[in-house]
Structure formats: structure tokens, C-alpha cells
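Structure first, then comments.
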Amino acid sequence: VQLQASGGGLVQAGGSLRLSCAASGNIFSMNAVGWYRQAPGEQRELVAGIGSGGRTNYADSVRGRFTISRDNAKNTAYLQMNSLKPEDTAVYYCNTKIARTGATYWGQGTLVTVSS
């Protein structure tokens with residue numbers, strides 16, 4: 001299983017970005033997907049998740065601004081980020097846990113920088 005995250009970049013506060021996480025196979029339709037982030041000097045934290053049945057959950061800090069989704073036909077998950085704030089600056093990682101085996105896989109991370 002390989003995950004390829006992309007879409008990060010530099011954006012001004014109030015702007016938007018969409019992150020993508022492409023999987024090497026048909027994984028996301030049957031397993032949960034999560035987006036995490038890690039700011040310098042901070043622990044990695046869960047930003048948003050989507051279960052195999054489509055239920056979503058969000059960190060309080062991003063609820064109402066970020067939307068997680070997936071396109072099973074494209075084996076890709078997304079994180080739409082709106083109304084970005086400087087405190088959203090971090091490296092963002094996608095993650096999936098294979099329900100059948102319990103194995104967890106991570107993408108390589110994509111840097112999001114929000115300027116004030």
C-alpha cells in the first residue's frame with residue numbers, strides 16, 4: 001500500500017487549498033482514511049477522518065472550515081481547506097488503517113504554509 005499526498009503550498013490567511021491523497025489500489029472504499037498534521041515542535045494530530053461507511057469527524061479547530069471526502073473510483077481522498085489561518089500551518093499527512101489486518105499506512109506529507 002502506498003499513499004501519495006499532494007496539494008500543499010503557500011497561501012494567505014483566508015485562502016483555500018485542496019489536498020489530495022492517492023492510494024496505490026482500491027483501499028479507501030473499504031477502510032477509514034484520515035488527515036493528520038504536525039506543526040513544528042508539536043505532536044501529530046488528527047484533523048479529519050472518514051470511515052468506510054462515509055461518516056466523518058473533525059478536530060474542533062477545523063470543523064466548519066475543512067471537508068474530508070473521497071472518490072473511490074479514483075482511489076483518492078481529499079481535504080478541502082477553506083478560511084485558512086496561520087495556525088493551520090503544518091505538514092499534512094494522509095493515513096489509512098486496513099480493517100482486515102490492522103496495518104496502518106502513511107503518505108509522505110505535504111507542507112501547508114498560511115501567511116498572515
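The values are calculated or read from the model by the stated rules, or taken from the named source; none is laboratory data. A quick note: this is a predicted structure, and the numbers were derived from the prediction, not measured. Methodologically, a virtual Cβ is constructed for each residue, glycine included, from the backbone with ideal geometry; neighbour enumeration extends over all protein chains shown. Ligands, DNA and RNA are excluded from the accessible area calculation, which covers all protein heavy atoms including side chains. Shrake-Rupley method; radii C 1.70, N 1.55, O 1.52, S 1.80 Å.
Could you work out the relative contact order of the chain, using alpha carbon pairs under 8 angstrom and six or more residues apart, expressed as a whole percent?
It rounds to 37 percent for the chain.
Hey, can you find the accessible area per residue of the chain for me, probe 1.4 Å, expressed in square angstrom?
52
Output the direction-averaged projected area (hull surface divided by four) of the convex hull of the alpha-carbon atoms of segment 12-62, in nm².
Dividing the Cα hull surface by four gives the mean projection, 4.9 nm².
Which residues in segment 49-90 place their backbone N less than 15 Å from a point set 7 Å from the Cα of L111 along the Cα-to-Cβ direction?
Residues 89-90 fall inside that zone.
Got a sec? Which residues in segment 20-54 would a label at N82 touch, if it sits 7 Å along Cα→Cβ and we count backbone N under 20 Å?
What the label zone holds, given the 20 Å backbone N cut-off, is 20-21, 35, 47-50.
For the chain, build the charge dipole from Cβ charges (+1 Lys, Arg; -1 Asp, Glu) around the Cα centre, then report which of F28, G14, T96 sits farthest towards its positive end.
Ranked along the dipole, the leading option is F28.
For the chain, which whole percent of the accessible surface, found with a 1.4 angstrom probe, sits on carbon and sulfur atoms?
46
Kirkwood Rh over alpha-carbon pairs of the chain, then Stokes-Einstein at 4 °C and 1.567 mPa s: what D in µm² s⁻¹, rounded to an integer?
Value of D from the Cα-based Kirkwood radius: 93 µm²/s.
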